[in-house]
Amino acid sequence: MEQSRPANTPYDLVGGMPAVRQIVDRFYDLLEQNPDYAALRALHALDLAPMRGSLSGFLAAWLGGPRDWFSENPGKCMMSAHRNVTMSAETGSQWAKAMACAIADSTIEPELGAKMSGALGDLARSMAGRT
């Protein structure tokens, strides 16, 4: 259910849902394959498929694309969606680093990717240490 939205958003500039899914898949592949992200991986369920879908939907909306994630999760944001997750400074840093790697490995233009990595990294680090 895609709602109308303005054209030329960051979502459009990154390449839409195919690029978002590429980033999310790479992000979760890194968590599964790279022991540097073991603490972060341990915070997730064994089956990452639901998280892949949820993060793709969130990132699409966050970038100005379809807002389905917010329609499906009324009143939620990333902070409230993770309210019951204890994230240490280590796991916050792991999230930011894995996402930066996933974005760098994508087809997104490097300058836009760096801005995206920075903003998402700040979000992850701000969630770290909350209880």
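Given DSSP loops and a limit of at most 15 other Cβ atoms within 10 Å, what is the longest stretch of the chain that contains no such trypsin sites (Lys or Arg not before Pro)?
1-75
Angle check, please: helix 110-127 long axis (alpha carbons) against the longest principal axis of the chain (alpha carbons), in degrees 0 to 90, nearest 10.
That helix lies at roughly 50 degrees to the long axis.
Whole-Hz ³J(HN,Hα) for each residue in the stretch 33-47, computed from phi via Karplus 6.51 cos²θ - 1.76 cosθ + 1.60 with θ = phi - 60°, x for glycine and proline: what do you get?
Values, residue by residue: 9, 10, x, 5, 10, 4, 5, 5, 4, 5, 6, 9, 5, 4, 8 Hz.
Quick one: length gained pulling Glu109 to Asn73 fully straight, 0.36 nm per residue minus the C-alpha distance?
10.0 nm
Cut-off 10 angstrom, C-alpha nodes, Gaussian network model of the chain. Which of Pro74, Pro66, Pro18 fluctuates the most?
Pro74
Let me have the 222 nm mean residue ellipticity of the chain computed from DSSP H runs of 4+ only, each contributing -39500 (n - 2.57), with the sum over all residues rounded to the nearest 500.
Value at 222 nm, helices only: -19500 deg cm²/dmol.
Could you give the dipole magnitude of the chain about its Cα centre, charging the beta-carbon of Lys and Arg +1 and that of Asp and Glu -1, in debye to the nearest 20?
400
Quick check: the angle from helix 89-104's long axis to the longest principal axis of the chain, C-alpha only, nearest 10 degrees?
Relative to the chain, helix 89-104 is tipped by roughly 40 degrees.
For the chain, compute Rh as the Kirkwood radius over C-alpha pairs and then the Stokes-Einstein diffusion coefficient at 20 °C and 1.002 mPa s; write the answer in µm²/s, rounded to an integer.
142
Which whole number of Å³ per residue matches the convex hull of the alpha-carbon atoms in the stretch 5-77?
Expressed per residue, the convex hull around the Cα atoms of the stretch 5-77 is 96 Å³.
The numbers here are math on the coordinates, done by the rules we state, and not lab data. Bear in mind the structure is a predicted one, so any value in this text is a computation, not a measurement. Neighbour counts run over all protein chains shown; Cβ positions are idealised from the backbone, glycine included.
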